[in-house]
Amino acid sequence: MSPLLLQGVASGIVTGCVYALIALSLVIVYKSSDVINFAGGEMVMLGGYLGMFALLWLGLPYLLIFPFGALMIFIVGALFDRVVLTRVVGRAIPGQSILVAMIIGTVGLSYVLKGAVRVIPYTEEVRRLPPFSSGAPIFVGPVVLQHQDIAIVVAAVAIMAALWAFFSFTLVGKALRATSQNPRAAALVGIPVRAMSMTAWGLAAALAGVAGILLAPKLLITPDMGVIVILALAAAIIGGFVSLPGCVAGGIVLGVVQNLIGLYVSSRAISLAPFLVIMIVLLLRPQGLFAGKAAAKKV
């Protein structure tokens with residue numbers, strides 16, 4: 001393989017790991033409530049600004065800005081579910097679907113978060129966090145890796161491993177899985193479904209916020225950086241929108257494809273990459289790469 005190809009794949013894996021975290025946040029919400037969270041991108045943006053606030057104004061070290069940002073945005077996601085979505089569900093007419101109203105609620109949240117950030121002084125200035133670590137690049141054969149890229153991959157893999165352990169071995173994680181699979185059956189065995197929904201929204205928001213902090217040293221922090229949610233949606237669709245491992249694979253696939261298209265075709269074609277990959281996957285495997293067999297659903 002050519003050095004250029006190997007370098008493109010390595011850089012794509014770094015970017016894809018961040019896409020995977022954002023896609024995981026979208027899928028956690030979808031599995032818990034059947035709602036696509038269109039405010040996921042603004043939660044990423046908010047994570048970047050909170051990381052900058054904690055680092056520059058509070059003086060926290062880099063290792064502490066991640067739990068700080070995750071906690072703050074967990075509260076935002078949990079409060080949105082508790083204050084907005086609980087009322088939407090409570091006012092539903094029996095037999096009438098409320099999914100559209102819930103999705104519109106997430107769109108409203110995205111505008112609220114973006115507007116709230118814009119009124120804060122200096123947020124209109126383009127900013128970027130300093131690198132997590134500095135030093136000479138590391139050479140792995142012909143591939144050149146920056147310390148920043150290694151830190152992003154290590155952090156993303158550690159978060160994904162912690163998430164897997166949480167869902168596999170903790171009582172709350174198992175309750176969240178049971179609630180997402182069958183809310184009525186979960187309620188019958190004593191699981192507090194509404195509390196689990198609030199936890200799922202908070203956890204998803206925290207994941208998006210951490211992804212924003214990871215992206216902040218690589219991308220410019222602006223109130224409009226939430227458009228990255230489109231790429232996360234593409235990653236989730238590629239992997240299968242109900243599969244957490246599929247999100248990880250979809251994010252990495254998308255990151256690699258984007259980089260290779262930028263290298264071998266044109267940098268202007270990078271924005272077309274997610275839509276091209278989505279169309280190919282939908283044509284060949286509509287349910288996604290890791291979602292299992294497609295099944296018909298009676299309505």
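What follows is calculated from the coordinates using simple rules that are stated; it is not laboratory data. As the structure is a prediction and not an experimental result, all values here were calculated from the model. Please note: Cβ atoms are built from the backbone with ideal geometry, for glycine as well, and neighbour counts cover all protein chains shown.
Some notes on this structure:
- Amide H within-cut-off set for residue 191, under 5 Å, with H built and near neighbours excluded: none
- Using the Karplus relation 6.51 cos²θ - 1.76 cosθ + 1.60 with θ = phi - 60°, the per-residue 3J(HN,Hα) values for the range 74-88 come to 4, 5, 4, x, 5, 5, 4, 5, 5, 8, 9, 5, 4, 6, 4 Hz, with x marking Gly and Pro.
- Expressed per residue, the C-alpha convex hull volume of the range 79-167 stands at 210 Å³.
- Label-point separation in nm, residue 99 to residue 82, each point 7 Å along Cα→Cβ: 2.8
- Ranked list, fewest to most other Cβ atoms within 10 Å of each Cβ, for 164, 201: 164, 201
- Sequence of 17, 247 once ranked by neighbouring C-beta atoms within 10 Å, starting from the fewest: 17, 247
- Normalised by residue count, the range 211-274 yields a Cα convex hull volume of 92 Å³ per residue.
- The range 190-299 - Rg and Dmax from Cα coordinates, angstrom: 16.4, 56
- Stokes-Einstein diffusion for the range 1-143 at 20 °C, viscosity 1.002 mPa s, with a Kirkwood radius from C-alpha pairs, works out to 119 µm²/s.
- Within the chain, helix-based [θ] at 222 nm, where runs of 4 or more DSSP H residues each add -39,500 (n - 2.57), nearest 500: -21500 deg cm²/dmol
- Relative contact order computed over the range 197-299 (Cα-Cα under 8 Å; 6+ residues apart), in percent: 24
- For the pair residue 127 and residue 170, label points projected 7 Å from Cα toward Cβ lie 3.0 nm apart.
- Close lysine pairs were tallied over the chain: pairs 8 or more places apart or on different chains with Cα atoms under 25 Å apart number 6.
- Remark on residue 127: its backbone amide H falls under 5 Å from those of 221, a criterion applied only to residues 5 or more positions apart or on other chains, H modelled at 1.01 Å from N.
- All other residues whose Cβ lies under 12 angstrom from that of residue 204 are scored, Lys and Arg at +1 and Asp and Glu at -1, for a net of 0.
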